[in-house]
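**Q** One structure, as structure tokens, below. Some questions next.
The values are calculated or read from the model by the stated rules, or taken from the named source; none is laboratory data. Just so we're clear, the structure is a prediction, and the values are computed from it rather than from any experiment. Please note: Cβ atoms are built from the backbone with ideal geometry, for glycine as well, and neighbour counts cover all protein chains shown. Heads up: the accessible areas ignore ligands, DNA and RNA and are worked out on the full protein's heavy atoms, side chains in. Shrake-Rupley method; radii C 1.70, N 1.55, O 1.52, S 1.80 Å.
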Amino acid sequence: MTVAIYYFRNDLRLEDNPAFILACKNADFLLPIYVHEQKLEEETRWGFSRVGQHRKAFLQDSLEDLRTQLRYLGSDLFELAGDFKEVFSALRTQLGINLIYCEQIVAPEELEQVRVLKTIGFEVISSWQSSMLDPHSLLFKLEDMPDVFTQFRQQVEKQKLRFANPVEAHASIPPLPAGSKALSQKTYVDMFSSKKSFLGGESKALLHIEQYFDRRLPDTYKQTRNQLIGLDYSSKFSPWLALGCCSARSIAKKLTEYELEYGANDGTYWLWFELLWRDYFRFLHFKYDNKLYRSTGLSTEPNNPFIEIIFKQWSSGSTGESLIDAGMRELQGTGYLSNRMRQIVASYWIYNMKGDWQAGAAWFESQLIDYDVYSNQGNWLYIAGKGTDPRGGRPMNLAKQTQDHDPDGIYRKIWLS
Ligand SMILES: Cc1cc2nc3c(=O)[nH]c(=O)nc-3n(C[C@H](O)[C@H](O)[C@H](O)COP(=O)(O)OP(=O)(O)OC[C@H]3O[C@@H](n4cnc5c(N)ncnc54)[C@H](O)[C@@H]3O)c2cc1C
């Protein structure tokens, strides 16, 4: 008789979740859990909380949605909180389970979690499932992947790779193990409120994706993607992708079906192209792992020093530069920022304010509802010139960016008034 834990990480969905399906197939009894790590409740070394209120609110919705689905299928979701090692050690003691299924995440903290689980005696079966492409379908090993995005994309296109096929949700879920009802659950997410721009959860994700395609928004994506105002200028898939409420493969499959129905165009290609950037930053982690997390990144250039007073000006949107301040206030007010504004404020922080790029990345981690360890780290390294980009850094001309993207000042008026 096999009794196992399914440890939900950034895969809060039932559709296209091969790791969960494997657990359902192999276990006679299965305990689905989510862990609120105490570590994430602590402050960063720069003096702000690691997970801000918008992220918590989005997570809370997503967990509730998942729990509803699991209960409907006769199972449940157990939210546990505390020190990571202690939470799992207690589970072993209380329920006598020593097998865990989960998705594979190749970022340092998440790799460390799996190492800890193994040291306390768990067998961990993890599956890679967060990219659009199956890394095994690439003609090169990930350790040898091209450093430059264009070369990576060209190889993928030469192989005519589009996406790996998503898999359907498992029809049934094994019953809960004996004793699980007695587990003490604790969530940190229900004691605050947030003005929500997005609602989390798989059902909301699927609805949003459906509507995005039904409204034929992919057709105009290339023309609108650099705009700053509203919901429709870009897909807004990222919050749901970040927590795994939907998979990149399902979106890419939908995109391909859309192209078959309405024809491929610049917009549909560009959407796929951006999803490929997401894969690229994931796959780079297999090649460079912890090196991407050094303050020098992959370069030898030292990082800028952290100066608190300057950081506060930037993060609170009070630098005196109206476009930067508008962007930072949008981020803090909503937990979301357009890609263009992310580039502009990150560049301004690193090159104009001579700020510490790691503190900037940590602020984004705290604020963004679509915080994704691979994409955040990858984009910050890219702009700071400490990643794989041969051009070595992306300083931006603020006057030009303002003229190009907010010539009439409407965006600034929205966030500064
Ligand atoms: C400094 C900085 C930090 C960032 N941090 C994150 C982050 O933590 N999480 C995150 O998901 N994205 C991050 N991005 C990438 C990008 O800004 C967002 O993915 C995008 O703005 C999300 O909005 P959207 O879903 O409407 O994107 P769309 O423009 O509609 O793009 C479709 C999808 O493609 C992917 N994508 C698009 N641009 C990028 C990119 N540059 N890098 C990786 N994937 C991309 C996303 O999954 C996105 O949902 C960051 C960019 C910068 C410059």
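**Q** Would you please name the residue that is farthest from the ligand (Cβ to nearest atom), looking only at residues in the stretch 330-343 that are part of a helix (DSSP H, G or I) and surrounded by 18 or more Cβ atoms within 10 Å (Cβ to Cβ)?
**A** Taking the candidates together, the pick is 332.
**Q** From the set of residues in the stretch 232-254 that are in contact (Cβ under 8 Å) with a residue 40 or more places away in the chain and either over 29 Å from residue 109 (Cα atoms) or of a type in the set (Phe, Trp, Tyr) (or both), which is farthest from the ligand (Cβ to nearest atom)?
**A** Step by step, filter the stretch 232-254, then rank; the result is 253.
**Q** Could you tell me whether residue 377 is in contact with a His (Cβ under 9 Å, 6 or more places away or on another chain), open to solvent by less than 50 Å² (accessible area, probe 1.4 Å), more than 9 Å from the ligand (Cβ to nearest atom) and within 30 Å of residue 9 (Cα to Cα)?
**A** No; evaluated as a whole, the condition is false for this residue.
**Q** Out of 79, 15, which single residue is at pLDDT 95 or above, acidic (Asp, Glu) and part of a strand (DSSP E or B)?
**A** 79
**Q** Same structure again: Do we have residue 113 as at pLDDT below 95 and closer than 30 Å to residue 39 by Cα here?
**A** no
**Q** Let me ask something additional. Within the stretch 392-417, take every residue that is over 18 Å from residue 339 (Cβ atoms) and at pLDDT below 95 and give me the one that is surrounded by the most Cβ atoms within 10 Å (Cβ to Cβ).
**A** Per the criteria, the residue is 392.
**Q** Is it the case that the stretch 315-323 has a residue that's touching a residue at least 40 places away in the same chain (Cβ under 8 Å), part of a helix (DSSP H, G or I) and closer than 22 Å to residue 41 by Cβ?
**A** Yes, because at least one residue in the stretch 315-323 is touching a residue at least 40 places away in the same chain (Cβ under 8 Å), part of a helix (DSSP H, G or I) and closer than 22 Å to residue 41 by Cβ.
**Q** Hey, can you tell me all the residues within the stretch 345-396 that are within 16 Å of residue 328 (Cα to Cα) and among the acidic types (Asp, Glu)?
**A** Within the stretch 345-396, 365, 370 qualify.
**Q** What's the number of the condition residue 220 fails, among (1) assigned to a helix (DSSP H, G or I); (2) within 30 Å of residue 323 (Cα to Cα); (3) within 11 Å of the ligand (Cβ to nearest atom)?
**A** All conditions are met except number (3).
Per-residue answers, yes or no, for (1) farther than 22 Å from residue 385 by Cα; (2) basic (Lys, Arg); (3) away from the ligand (no atom under 12 Å from the Cβ):
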position	(1), (2), (3)
272	yes, no, no
277	no, no, no
281	no, no, no
345	no, no, no
348	no, no, no
355	no, no, yes
359	no, no, yes
362	no, no, no
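**Q** Please enumerate the residues belonging to the stretch 1-12 that are within 22 Å of residue 132 (Cα to Cα) and outside any loop (DSSP other than H, G, I, E, B).
**A** Those that are within 22 Å of residue 132 (Cα to Cα) and outside any loop (DSSP other than H, G, I, E, B): 7, 8.
**Q** May I pose another question? For the stretch 166-181, indicate whether the set of residues that are part of a loop (DSSP other than H, G, I, E, B), within 30 Å of residue 288 (Cα to Cα), open to solvent by 40 Å² or more (accessible area, probe 1.4 Å) and not assigned by TED's automatic domain parsing to the domain that holds residue 70 is non-empty.
**A** yes
**Q** How many residues does the stretch 283-308 hold that are more than 20 Å from residue 131 (Cα to Cα) and within 16 Å of the ligand (Cβ to nearest atom)?
**A** The qualifying residues number 4.
**Q** Would you please name the residue that is least open to solvent (accessible area, probe 1.4 Å), looking only at residues in the stretch 278-292 that are farther than 14 Å from residue 379 by Cβ and in contact with a helix residue (DSSP H, G or I) (Cβ under 6 Å, 6 or more places away or on another chain)?
**A** 283
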